[in-house]
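The values are calculated or read from the model by the stated rules, or taken from the named source; none is laboratory data. The model shown is predicted, which means the values in this text are computed figures rather than measured ones. As a convention, Cβ positions derive from the backbone with ideal geometry for all residues, glycine included, and neighbour counts pool all protein chains shown.
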Amino acid sequence: MTKVAAVPIESISVDALPSSSGRSRAGAVGAVAVFAVIMLGGALPIPLYTVWAPLLRFGPLTTTVIFVAYVVGVVASLVLLGPVSDRSGRRPVLGIAIGVAALSTVLFAVATDVPLLLAGRLLSGVATGIATSTATAAIGELLVSKRLASAVSTASNLGGIGLGTIIGGVFGQSVPDPTRSVFWVYLIALGLVAVVLWRVPETVTRRAPVSFSPRRPVLAAGVGRRSFIGAALIVAAAFGVNGFFSSLAPTFLRDQLHVHNLTLSGLAVGLLFAAALAAQLLAPAAVLRSPVPGAAVLLGGVIVLLAGLRSASLAAFLAATIIAGAGVGLTFRRGLVVTDRFADPDHRADLGATYFLIAYLGLIAPTLTLGALDQVAGQTVSTLILAAIVSATAITGLVLTGVRPVPTPTTEEQGAAR
């Protein structure tokens, strides 16, 4: 068995798009558009929780339950559908994601009670889970450079989420009947990307009919297992921070910091994802060699967030948002690089589904804890416990992955990750 020497992450070439195929170049743009628009739709409800709450008479705990329904949808789709596009093709599975997102959008637009919101949020999670593993795999196959592919995938993911919170906030503040109008407009956007999808070339050559069957999550084999699990746990900690901003941050802004303008709330939440996007695009390759910089920045942001909420300082809250967002971006991008490094080329979406499964599971416990404790112990205690959960998860990931450069797997080890 031939061994390949360890290669630092920064040695990955940053080549341009495939010069020999303008079709692949355009196809990558199309896959990015589909991915970003679906992620945008998953974020539209975030600033609108404070609009729905008085109309439908629910509080912070129900808000977190609605958000967790989204996470359950993501996790279920990753378990049931994560590897499906490896067998049935990227394009048909992305088409399913668009269809599920459209159904979710209609449910949001007609929602008159909490059960309909739960159903809409669950389906939006399903659409997000399908798109996340499938679009990430497609982008990785349409772009020559692995580093470029991870950057573009992260930009599509975080950029779409950030834009969704801003658009939701603008509609919530400035447009009549925002909980309906924003979703009818978004439905048009889904129709447009459905057309774009037909221009995306299929990257899976041997295809079978689409079938749905649960599959045990796979892990990287050999030298990559600890690196993969550690990177995924650090990203799970980052997603715990995302969970706070994606569920209760608008309520905290209103109740503790007295920010009642929904556009500002949407911008404040969107700032997290904008900072994450900027960090992962601008970070030098040397920063990605080790998991320590991203985890350290993430935990620093959590500390500043606690200080800002305790002192009721909007400036500190915004500073924490930028710092934590940068940590999210750095850890998320490095996790994608590690995942792509150890993925079997014929089962790329399979390992990617496991990565995102671990990441999204990191949303559930912190978010539910935050919502439940807010009811009985107050916002100060609940945010302290959130910080403890995030910190413990990140430190566990650091211990597992270590600080060494990510080793390159052998061909046999890639094939074992199935």
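When you go through (1) surrounded by fewer than 19 Cβ atoms within 10 Å (Cβ to Cβ); (2) under 23 Å from Ala387 (Cβ atoms) one by one for Ala278, which number turns out not to apply?
So Ala278 meets the others, but not (2).
Being hydroxyl-bearing (Ser, Thr, Tyr) and modelled with pLDDT under 90 is the filter; apply it to region 63-99 and report the residue that is farthest from Ser124 (Cα to Cα). Before the answer, list the steps.
Keep residues of region 63-99 that are hydroxyl-bearing (Ser, Thr, Tyr), which gives 63-64, 70, 77, 85, 88.
Still in the list and also modelled with pLDDT under 90: 63-64, 77, 85, 88.
Values: Thr63: 15, Thr64: 15, Ser77: 11, Ser85: 19, Ser88: 22 Å.
Across region 63-99, the extreme among qualifying residues is Ser88.
Within region 165-176, identify whether any single residue is outside any helix (DSSP H, G or I) and surrounded by fewer than 21 Cβ atoms within 10 Å (Cβ to Cβ), and answer yes or no.
The first filter runs over region 165-176 and keeps only residues outside any helix (DSSP H, G or I), leaving 175-176.
Right, trim to surrounded by fewer than 21 Cβ atoms within 10 Å (Cβ to Cβ) and you get 175-176.
The answer is yes; a qualifying residue exists.
Out of region 40-63, which residues are β-branched (Val, Ile, Thr) and under 20 Å from Leu267 (Cα atoms)?
So in region 40-63, the residues β-branched (Val, Ile, Thr) come out as 46, 50-51, 62-63.
If the condition is that a residue be β-branched (Val, Ile, Thr) and under 20 Å from Leu267 (Cα atoms), then Ile46, Thr50, Val51, Thr63 are the ones that fit.
Please go through region 348-391 and give me each residue that is part of a helix (DSSP H, G or I) and without any contact (Cβ under 8 Å) to a residue 12 or more places away in the chain, ordered by number. Lay out the reasoning, then the answer.
Filtering region 348-391 for residues part of a helix (DSSP H, G or I) gives 348-376, 378-391.
Selection gives Val376, Gly378, Val381, Ala388.
If I filter region 35-47 for residues that are in a helix (DSSP H, G or I), within 20 Å of His260 (Cβ to Cβ) and modelled with pLDDT of 90 or more, do I get at least one hit?
So the first thing to find is which residues in region 35-47 are in a helix (DSSP H, G or I), and the list is 35-43, 46-47.
Narrowing the set further to residues that are within 20 Å of His260 (Cβ to Cβ) leaves 46-47.
From the residues that got through so far, the ones that are modelled with pLDDT of 90 or more too are 46-47.
Yes, region 35-47 contains a residue that is in a helix (DSSP H, G or I), within 20 Å of His260 (Cβ to Cβ) and modelled with pLDDT of 90 or more.
Please go through region 364-383 and pick out each residue that is closer than 20 Å to Leu233 by Cα and hydrophobic (A, V, I, L, M, F, W, C).
Ile364, Ala365, Leu368, Leu370, listed by residue number.
Would you confirm whether or not region 245-266 contains a residue that is crowded, with 19+ Cβ neighbours inside 10 Å and within 21 Å of Val337 (Cβ to Cβ)?
No, region 245-266 contains no residue that is crowded, with 19+ Cβ neighbours inside 10 Å and within 21 Å of Val337 (Cβ to Cβ).
Among the listed residues Val152, Val144, Val195, identify the single one that is surrounded by fewer than 20 Cβ atoms within 10 Å (Cβ to Cβ), closer than 20 Å to Val32 by Cβ and either of a type in the set (Ser, Thr, Tyr) or at pLDDT below 90 (or both).
Values: Val152 fails: surrounded by fewer than 20 Cβ atoms within 10 Å (Cβ to Cβ); Val195 fails: either of a type in the set (Ser, Thr, Tyr) or at pLDDT below 90 (or both).
Every option except Val144 fails the conditions.
Keeping to region 103-137, report how many residues are small (Gly, Ala, Ser), farther than 12 Å from Gly73 by Cα and out of contact with any Phe, Trp or Tyr (no Cβ under 9 Å at 6 or more places or on another chain).
Looking only at that region, the number is 1.
Among the residues of region 79-89, are any buried (at least 23 other Cβ atoms within 10 Å of the Cβ) and either aliphatic (A, V, I, L, M) or free of Cβ contacts under 8 Å to residues at least 24 places away in the same chain (or both)?
Of all residues in region 79-89, those buried (at least 23 other Cβ atoms within 10 Å of the Cβ) come to 81-86.
From what's left, either aliphatic (A, V, I, L, M) or free of Cβ contacts under 8 Å to residues at least 24 places away in the same chain (or both): 81, 84.
Within region 79-89, one or more residues are buried (at least 23 other Cβ atoms within 10 Å of the Cβ) and either aliphatic (A, V, I, L, M) or free of Cβ contacts under 8 Å to residues at least 24 places away in the same chain (or both).
Could you check region 235-324 for helices (runs of 4 or more DSSP H) lying wholly inside it with 1 or more residues that are under 23 Å from Leu117 (Cβ atoms) and modelled with pLDDT of 90 or more? Break it down stepwise before answering.
Details: elements: 249-255, 262-282, 292-311.
Of the helices (runs of 4 or more DSSP H) lying wholly inside region 235-324, those with at least 1 residues that are under 23 Å from Leu117 (Cβ atoms) and modelled with pLDDT of 90 or more span 262-282.
Looking only at residues that are in contact with a Ser or Thr (Cβ under 8 Å, 6 or more places away or on another chain) and of a type outside the set (Gly, Ala, Ser) in region 314-334, which one is surrounded by the fewest Cβ atoms within 10 Å (Cβ to Cβ)? Spell out the reasoning first.
Going residue by residue through region 314-334, those that are in contact with a Ser or Thr (Cβ under 8 Å, 6 or more places away or on another chain) are 329, 332-333.
Then keep just the ones that are of a type outside the set (Gly, Ala, Ser); that gives 332-333.
Details: Phe332: 26, Arg333: 28.
My answer is Phe332.
Can you tell me which condition Leu56 does not meet? The list is (1) within 25 Å of Phe252 (Cα to Cα); (2) of a type outside the set (Asp, Glu); (3) more than 18 Å from the chain's Cα centre (by Cα); (4) surrounded by 19 or more Cβ atoms within 10 Å (Cβ to Cβ), and all the others hold.
(4)
If I ask for residues that are of a type outside the set (A, V, I, L, M, F, W, C) and under 21 Å from the mean Cα position of the chain (by Cα), which ones from region 103-121 would you list?
If the condition is that a residue be of a type outside the set (A, V, I, L, M, F, W, C) and under 21 Å from the mean Cα position of the chain (by Cα), then Ser104, Thr105, Gly120, Arg121 are the ones that fit.
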